[in-house]
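Please read the structure below before turning to the comments.
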């Protein structure tokens, strides 16, 4: 059995990568990151929303509200999606991280 | 300063959540006491397929609360079966009793879920009154959706209670941050 170590990653970086796959709301994005990393990266619900708002203020994502839903007590969901700038930032981030990980393996 | 305020408000929120949980439980107990005489009946009639004249007609299968001192405990619910004793087939009767027992079990589980859902909604509804609209819709809405999913999955009341406390704590912390940023933005504009 492969031992999976918990990874620590900046919430904003993780959310930006999660949004590359498509738009989503807070809970869905947390789940997406968990599923995609087999539980190695778990975003805390308490820190996700401030991070999403910061990304929005930086112009990397934009958001909109859905219709009110009964399972949320009549509250709407707030969906986030990447802007063009956000997509560029996500690509640059991915290339940088890929470069970092390749560095160690090439040196072997 | 900011950290202290966040911690203070979060602690107040957590205490408030616990108090509300206790209060809503008391309300629920009072409601159940008032409804003790009210039985929920699932009407069902059974017809003997081969010989209708030999049929054991079950007039009603249902569950009801007992007049116990702890009516809020769904385990105190009992099953009632009403039938016309016109059939000597004991296997047939046993089958009906088993069916009734399954119904009672399903009722108990559903009653527990409804009770937890009702209490959760009530606590978070009161708490939402002091939150900004965005935090209420987005953050508290997500917490509520998550809690409803957990209730539907049959998770224990202790876990649900912890999630409610977490929801109150983090929405309080988020509100402080949100308001401080909003004040900062308006000051920088001026």
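Values quoted throughout were computed directly from the atomic coordinates according to the rules given, and no laboratory measurement underlies them. Fair warning: this is a prediction, and the values are worked out from it, not measured in the lab. As a convention, Cβ positions derive from the backbone with ideal geometry for all residues, glycine included, and neighbour counts pool all protein chains shown.
Based only on other Cβ atoms within 10 Å, what is the fewest-to-most ordering of B:113, B:163, B:158, A:77?
Details: B:113 16, B:163 19, B:158 8, A:77 22.
Final ranking by Cβ density, sparse to dense: B:158, B:113, B:163, A:77.
Calculate how steeply helix A:84-106 sits against the longest principal axis of the alpha-carbon atoms of chain A, using the helix alpha-carbon long axis, and give the answer as 0 to 90 degrees to the nearest 10.
Rounded to the nearest ten degrees, it is 30.
Angle between the Cα long axis of helix A:26-36 and the longest principal axis of chain A, 0 to 90 degrees, nearest 10?
Rounded to the nearest ten degrees, it is 30.
Quick one: if the Förster radius is 22 Å, what FRET efficiency do residue A:81 and residue A:35 give, using the C-beta to C-beta distance and rounding to 0.05?
Numbers: r = 19 Å, r/R0 = 0.86.
Using R0 = 22 Å, I get an efficiency of 0.70.
Tell me the mean residue ellipticity at 222 nm calculated for chain A from its helices only (DSSP H runs of n ≥ 4, each -39500 (n - 2.57), averaged over every residue, nearest 500). Display every interim value, and only then the final one.
On the way: 4 runs with 57 residues, N = 108.
Using -39500 (n - 2.57) per qualifying helix, the result is -17000 deg cm²/dmol.
Using Cα springs under 10 Å in a Gaussian network model of chain A, which residue among A:39, A:73, A:24 shows the largest mean-square fluctuation?
A:73
Please rank A:80, A:25, A:64, fewest neighbouring Cβ atoms within 10 Å first, as an exposure proxy.
Working: A:80 24, A:25 20, A:64 11.
By the 10 Å Cβ count, ascending, the order reads A:64, A:25, A:80.
For chain A, with a Gaussian network of springs between Cα atoms less than 10 Å apart, report the residue from A:56, A:65, A:23 with the top mean-square fluctuation.
Judging by the Gaussian network model, the answer is A:65.
Given chain A reduced to its alpha-carbon atoms as identical point scatterers, what log10 I(q)/I(0) does the Debye formula return at q = 0.11, 0.20, 0.22, 0.23 Å⁻¹?
-0.40, -1.10, -1.25, -1.31
Can you put A:91, B:120 in order of Cβ neighbours within 10 angstrom, beginning with the fewest?
Details: A:91 12, B:120 25.
Ordered by Cβ neighbours within 10 Å, fewest first: A:91, B:120.
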